[in-house]
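Here the structure is laid out as structure tokens; the discussion comes afterwards.
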Amino acid sequence: MKDRATNLLTDRAYRKLLDSLYEGVYFVDSDRTILYWNDAAEQMTGYRRSEVVGKHCWDGLLIHVNNSGDSLCSDQCLLCRAMEQKKSMEGELFFRHRDGHRVPVLVRTTPVFSERGRVVGAVQIFSDNSSAVDLSRKVRELERMALLDPLTKLGNRRYGEMNLSGKLRELKRYGWFFGILFIDIDNFKDINDAYGHDAGDRVLRLVAATISNGLRSSDVVSRWGGEEFVAFVASVDEEKLRNVGEKIRALVEGSSITLGNERTHVTVSIGATIARKKDSAAAIIKRADALMYRSKQEGRNRISM
């Protein structure tokens with residue numbers, strides 16, 4: 001009885017230790033059934049322990065993707081590779097939050113061995129790869145200056161116009177080129193009509209968070225109006241701007257949200273253009289907007305340049 005009590009105490013001590021970490025931690029067995037899910041994993045993903053323990057990690061939960069939006073839950077799964085190769089693996093990935101948006105994380109996966117050296121499972125540790133502290137500070141500053149969109153917590157149109165004017169001045173004075181992504185949610189009116197404006201607000205927050213998490217800290221995104229967003233991407237040529245736009249498009253497409261009783265995927269159409277020295281603010285927005293409409297006309301869920 002004493003040994004049994006000691007083992008139980010040790011088990012509880014380990015769980016208490018893991019639950020005190022800021023990083024998300026979960027264990028899986030060799031079949032990738034989730035055996036343990038710590039408190040930070042709950043907070044970062046939105047999934048309660050009771051919702052995931054006993055399920056497989058590939059049961060439509062986190063659905064990890066890379067920067068291109070490619071799913072990693074089959075042949076590229078870090079858990080599988082760590083167990084197969086019997087060594088630790090690391091990567092920069094995005095998981096799907098319970099609310100639907102994508103979250104960037106740094107992931108470290110290590111196989112777990114039995115006393116006889118056989119792989120019996122793996123542990124994955126993940127930490128937020130976004131600038132959460134900087135983002136919180138930015139939100140407070142935008143609130144103070146009345147430049148915040150209260151629904152999405154992004155800068156509002158006035159904030160976007162101020163950034164655009166500043167970047168055009170830098171382009172003309174110093175030659176610092178930048179790109180614009182004009183992003184519009186596809187079939188947004190249909191979502192509002194079918195599910196109501198509360199559902200539409202949830203979709204707006206999902207897309208806003210996914211765009212913001214997919215950009216670098218040097219880039220700026222604002223809610224331009226309605227279901228439109230404008231991102232200003234620093235120090236890019238056409239190829240790099242296209243890559244950023246494709247990354248955003250793929251991340252949004254890989255996100256999903258429950259509307260009614262169905263899990264619904266959301267897509268965006270994007271117009272992308274590089275700023276020119278002769279551009280006015282109105283001219284570059286008009287060009288990016290026209291390119292976005294070309295994406296709509298060509299079938300949506302794409303980028304036009």
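The values are calculated or read from the model by the stated rules, or taken from the named source; none is laboratory data. Computed from a predicted model, the values in this text were never measured in an experiment. Cβ: placed from backbone, ideal geometry, glycine included. Neighbour counts: every protein chain shown. These accessible areas exclude ligands, DNA and RNA; they are computed on the full protein's heavy atoms, side chains included. Shrake-Rupley method; radii C 1.70, N 1.55, O 1.52, S 1.80 Å.
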Exercise. Given (1) open to solvent by 90 Å² or more (accessible area, probe 1.4 Å); (2) free of Cβ contacts under 8 Å to residues at least 40 places away in the same chain, where does residue 146 come up short, assuming only one miss?
Worked result: (1)
Exercise. If a residue has to be in a strand (DSSP E or B) and of a type outside the set (Val, Ile, Thr) to count, how many in the range 270-286 make the cut?
Worked result: 2
Exercise. Restricting to strands (runs of 3 or more DSSP E) lying wholly in the range 201-269: which have 3 or more residues that are free of Cβ contacts under 8 Å to residues at least 12 places away in the same chain and among the hydroxyl-bearing types (Ser, Thr, Tyr)?
Worked result: none
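If we keep just the residues of the range 94-124 that are among the charged types (D, E, K, R) and farther than 15 Å from residue 57 by Cα, which is least open to solvent (accessible area, probe 1.4 Å)?
Restricting to residues being among the charged types (D, E, K, R) and farther than 15 Å from residue 57 by Cα, the top hit is 102.
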For this session: Please find, within the range 104-124, the residue that is farthest from residue 241 (Cα to Cα) out of those that are in a loop (DSSP other than H, G, I, E, B) and among the basic types (Lys, Arg).
Result: 116
Exercise. Residue check: is residue 39 of a type in the set (D, E, K, R) and crowded, with 16+ Cβ neighbours inside 10 Å?
Worked result: yes
Problem set entry | Residue match in the range 76-85 (condition: acidic (Asp, Glu), out of contact with any His (no Cβ under 8 Å at 6 or more places or on another chain), within 28 Å of residue 212 (Cβ to Cβ) and surrounded by fewer than 20 Cβ atoms within 10 Å (Cβ to Cβ)) | no
Exercise. Could you say whether any residue in the range 76-93 is touching a helix residue (DSSP H, G or I) at 6+ places or on another chain (Cβ under 9 Å) and in contact (Cβ under 8 Å) with a residue 60 or more places away in the chain?
Worked result: no
Problem set entry | Unmet requirement for residue 127, which otherwise passes all of (1) modelled with pLDDT under 90; (2) part of a loop (DSSP other than H, G, I, E, B); (3) open to solvent by less than 50 Å² (accessible area, probe 1.4 Å) | (2)
